[in-house]
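Notes to accompany the following structure.
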Amino acid sequence: PSLSRVTASSPTVLQVSFTEPVVLSIAQFSVEGTSVTSAVATDSDDGGTTAAELSLSPALPDQALYRLSVAALTDLAGNIAADEAAFFLGTPDAPQAGQIEITEIMFDPQHGSDGEYLEVLNTSSDGVFDLRTGDLGDDDEDGGPLAESPVILLPGEYVALVRNVEGFRAVFSDAPFAEAGSVIGLSNSGETLVHRASGVVLDAVPYDPDWQRVELDDATGISLERRDPAGASDSPAYWSSSLSDLGGTPSAENTLSIAESPVEREASLRVTSPFAPTRGEAAESTVTLSANASLVRARIYDGGGREVRELEPGRLVGGTATLLWDGTGDDRRPLRAGIYVVLVESVDAEGGTTEAVRGAGVRARPE
């Protein structure tokens, strides 16, 4: 469990949200320069708390940046963690064009429109902005506020603005976010997103599903990421498919870079072994590739050289990827104990070059 967002609604009140339901009574909060006198749940789910209001005494001076620390943050499964998050108290700055950029668009999530999100980045060096002052619409008209409650964006900070909390958490359970609501209604066929504040156009992106990588047969559940916030918002050259295993990187740095130049690394494959499916174990194959983006196919062979399982028919991955095998064949029936070979073949998505790596794993005998 961790802090998702912290916002000061007054010098004596903080609004706090968590990445998952927690046991609020156990958490220990602290802010330098004041004391947390009470913590009251404002949103509960399955017996846990997903948001709370903290009271402070004495009041904090405004126009300053602070940090909230929490110890013994405990989720419903009993996992305990410590965390901290920055928050700003005072009057936010008025953003200018180019200071808040759209950096990621999840317009076609895996589980329906509830999983949609839009990520923005504060590109300024010292500006502190409140996204409540922003509006998301199209070329012709304003659409609606990006946030109903305060969402403070600090310099260099990313935040994912989500349509539906539950739909977002179903895939990105650990990612920080802010709730935007129905204004995040993203067309699967593409549209122009215009972010305005006080009549100023901050950023405009005419995204198109054709901006996804051509190697993808189906881009459902994969976001469009921006390679460089300083690049042209309306240029397909600055956008492409996320290489994250989860399909996106909400509230975090993108998987893409402006150059995506090759790095100095050799292709390799490491397989955890032995593994016993009867104990709930799986063989974990971690592949490292020399290219930054590759289309990967993985197959399993038995000791006689016969293919017994197509583990991955074709998936776009970044420089590294993890594949799991549960010890079954293509018919999903358990295979015999013994040595098996994992073959991973890849095609560089940029240059078209190919490479293959092999690794061996042992399926243990049933106990």
- Query: Cβ under 14 Å from residue 338's Cβ, residue 338 left aside: what net charge do those residues give with Lys, Arg +1 and Asp, Glu -1?
  - Reply: +4
- Cα-centre dipole for the range 259-367 with unit charges at Cβ (Lys and Arg positive, Asp and Glu negative), debye to 20: 540 debye
- Treating the beta-carbon of each Lys and Arg as +1 and of each Asp and Glu as -1, no other charges, what is the dipole magnitude of the range 140-182 about its Cα centre, to the nearest 20 debye? 240 debye
- Sort the range 60-166 into rounded, prolate or oblate with this rule: let a ≥ b ≥ c be the square roots of the eigenvalues of the Cα gyration tensor; rounded if a/c is under 1.5, and if a/c is not under 1.5, prolate when a/b is larger than b/c, oblate otherwise. oblate
- Note on the structure: When the charge dipole of the range 231-367 is computed with +1 on Lys and Arg Cβ and -1 on Asp and Glu Cβ about the Cα centre, the Cα farthest towards its positive end, among 314, 235, 276, belongs to 276
- Which residues make up the longest stretch of the chain clear of trypsin sites (Lys or Arg not before Pro) that lie in a DSSP loop with no more than 13 other Cβ atoms within 10 Å, not counting the sites? 1-264
- Give, rounded to the nearest 20 debye, the magnitude of the charge dipole that the chain has about its Cα centre when Lys and Arg contribute +1 at Cβ and Asp and Glu contribute -1 at Cβ. 1640 debye
- Query: Counting Lys and Arg as +1 and Asp and Glu as -1, what is the net charge of the other residues whose Cβ lies under 15 Å from the Cβ of residue 88?
  - Reply: -4
- Query: residue 235 versus residue 148, label points 7 Å from Cα toward the beta carbon: distance in nm?
  - Reply: 4.0 nm
- Query: What does the accessible area per residue of the chain come to in Å², with a 1.4 Å probe and no ligands, DNA or RNA counted?
  - Reply: 46 Å²
- Cα shape, the chain, gyration tensor, a/c 1.5 rule: oblate
- Message: Quick check: from the Cα gyration tensor, does the range 89-138 come out rounded (a/c under 1.5), prolate or oblate?
- Response: prolate
- Hydrodynamic radius of the range 295-367 per Kirkwood, over alpha carbon pairs, in Å: 13.1 Å
- Taking alpha-carbon centroids only, the range 16-44 lies from the range 77-105 a number of Å equal to 18 Å
- Message: Please compute the contact order of the range 213-367 in relative form: average sequence separation of alpha-carbon pairs under 8 Å and at least six residues apart, divided by the residue count, as a percent.
- Response: 22 percent
- Message: Just to be sure I understand the model, the point goes 7 Å from the Cα along the line to the Cβ. What's the resulting residue 41 to residue 310 distance in nm?
- Response: 4.8 nm
- May I ask you to evaluate 6.51 cos²θ - 1.76 cosθ + 1.60, the Karplus curve with θ = phi - 60°, for each residue of the range 267-282 and list the ³J(HN,Hα) values in order in whole Hz, giving x for glycine and proline? 5, 7, 9, 10, 10, 6, 7, x, 9, 10, x, 5, 9, x, 8, 9
- Item | Phi-based couplings in Hz for the range 324-333 (Karplus 6.51, -1.76, 1.60; Gly and Pro marked x) | 10, 10, 8, x, 10, x, 4, 7, 6, 9
- Note on the structure: Ranking 339, 353, 295 by how far each Cα lies towards the positive end of the charge dipole of the range 287-353 (+1 on Lys and Arg Cβ, -1 on Asp and Glu Cβ), the top one is 339
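The values are calculated or read from the model by the stated rules, or taken from the named source; none is laboratory data. As the structure is a computational prediction, the values presented were derived from the model and not from experiment. Glycine also receives a Cβ, built like all others from the backbone with ideal geometry; neighbour counts cover every protein chain displayed. Each accessible area value is taken on the protein alone, full model and side chains, heavy atoms only, with ligands, DNA and RNA left out. Shrake-Rupley method; radii C 1.70, N 1.55, O 1.52, S 1.80 Å.
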